[in-house]
Amino acid sequence: MLKIYNSLTNKKETFTPIKANKIRMYVCGMTVYDYCHLGHARVMIAFDVVYRYLISQGYDVNYVRNITDIDDKIIQRANENGENFQALTERFIDAMHEDERALGVKPPSAEPKATDNIEEIINMITTLIDKGIAYQGDSGDVYYAVAKFADYGKLSGRNLDDLRAGDRVAVNTDKNDPFDFVLWKMAKENEPYWESPWGKGRPGWHIECSAMATKILGNHFDIHGGGHDLQFPHHENEIAQSEACTGEHFANYWMHNGFIRIDEEKMSKSLGNFFTIREVLEKYKAEEIRYFMLTSQYRSPLNYSTEQLDAAGASLDRLYTAMRGLKLGTAPKNSSYETHFINAMNDDFNTPEALSALFDLARDINIARDSKDHKKTSELGALLLELANGIGLLEGDIEAWFKGVNTEGELSNGAVDALVQQRLNAKTDKDWSLADKIRDDLQEQGISLEDSGAETIWRRT
RNA sequence: GGCUGAGUAGCAAAGAGGUUAUGCUGCGGUUUGCAAAACCGCCUAGCCCGGUUCGAUUCCGGGCUCAGCCUCCA
């Protein structure tokens, strides 16, 4: 029985879909004005794991993740570059998709863009104005009157009085209340715009998610996710907009992933302490990044460090080593390993615990292999692969994991194989000094040999 | 100041009111021509102070420290 920690109630709750077997999930995606960083990778991977796991449990999942392709930062960046904002966003959407493919993130069922849904956004704002919840200020901008929504603050566990006590919001005399937020923003000179009943302008950030989620998933759906920093005000505002507009409950379960940190401080664009996904991919394999993310539960903060990325590689080596050279059989059903794994994942997607089930399996595969129990080895191997694949691990070619692609200046795989064969001949002749010399020479070039019986396998280190 | 979370061994990170988490690292052993890999064993724990309990790292209360949100942010 799946339990999900619901930010709305701050409790783990048993997950019950609105329609049996059909799950509708919306996740706030990226604002595309720059390359994605590791923090974005965490959202991608966290919800990729949720998506994959729900599918593996037999659910039909409609997973929507939006793309914010119009906002102040995009306009600003486009102006700095002296380019059209669409040229900018298209470029970074492509880059984002490239990063996702590299990380083995499954594409969502739909990736709506704000600029493709202006009509729905305008309709929603119109309804809010008609209901007396939104109003137009003297500047022409349209605002949402938070005081008109009784439940305002229910997601983030605060109320307007708490917020006012914070006293950190700049006074904007155009608004009736400093906490009112913008739904439609008037275009300034040379800014991109769309026609609307209130004049030429563009949508505010919050309204696009309400409009797109409702359009694709309906007024009331199962899961809404995103980074923890979006809980307030973004998600709070989405609830206010959607529920005021439709009169229905918006999303049942709210999931928020924790941050990637650098030196125990949040990684973010504004702090400038970030590493882009592509930057890290130059030094580490995509699977190492994914494994690193999965070593902590998705809600916990995760401190970035090269030591942990290196450790991730070593851990994956262990799993791949267990799988190496196996003939796969049929995975057993309802084994204790699988139960352990499923129970962990059912407990709010506890990937660290699920990984421990994978290592139990790896150890028992190694034991079975050592004792020449071929049937058991092949069955457990199939199970390990199946479970690991469920969270996006061990999907790569096993030999390729160890041998990689030889880069310039390195020995080719064929050259290594030839030397390994020479060494095998030397071993047959009991010429240990030659055999050891070949092995030592290879070791110096980053090739590590392992003898197993009459065979020798190798890996790049 | 208000609202959330978190504090576990060398590093990372989980569960469970009493019974080995797990991975990486280190040490010892088995295995190996020697190695490597593998297997077995071991070393490092539970921020502080109270309380509940036969028993708490786990529950409760109070501190302390850290992070996040309250402003664009995954």
Flagged in the range A:161-176 as aliphatic (A, V, I, L, M), modelled with pLDDT of 75 or more and more than 12 Å from A:P233 (Cβ to Cβ), in numbering order, are none
Test for A:Y35: is it within 16 Å of RNA strand B (Cβ to nearest atom), assigned to a strand (DSSP E or B), in contact with a Ser or Thr (Cβ under 6 Å, 6 or more places away or on another chain) and not hydrophobic (A, V, I, L, M, F, W, C):
no
Being assigned to a strand (DSSP E or B) and near RNA strand B (Cβ under 9 Å from one of its atoms) is the filter; apply it to the range A:263-301 and report the residue that is surrounded by the fewest Cβ atoms within 10 Å (Cβ to Cβ).
A:E265
Among residues of the range A:53-95, those that are over 29 Å from A:M186 (Cβ atoms) and surrounded by fewer than 20 Cβ atoms within 10 Å (Cβ to Cβ), counted
9
Residue check, A:T351 closer than 27 Å to A:G58 by Cα and either more than 9 Å from RNA strand B (Cβ to nearest atom) or exposed (fewer than 14 other Cβ atoms within 10 Å of the Cβ) (or both)
no
Evaluation of A:K106 against (1) out of contact with any Gly (no Cβ under 9 Å at 6 or more places or on another chain); (2) over 15 Å from A:P192 (Cβ atoms); (3) among the charged types (D, E, K, R) (one fails), failing number:
(1)
Whether any residue in the range A:241-252 is assigned by TED's automatic domain parsing to the domain that holds A:P17 and within 6 Å of RNA strand B (Cβ to nearest atom) is what I want to check.
no
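The values are calculated or read from the model by the stated rules, or taken from the named source; none is laboratory data. Just so we're clear, the structure is a prediction, and the values are computed from it rather than from any experiment. We place every Cβ from the backbone using ideal geometry, glycine too, and count neighbours over all the protein chains shown.
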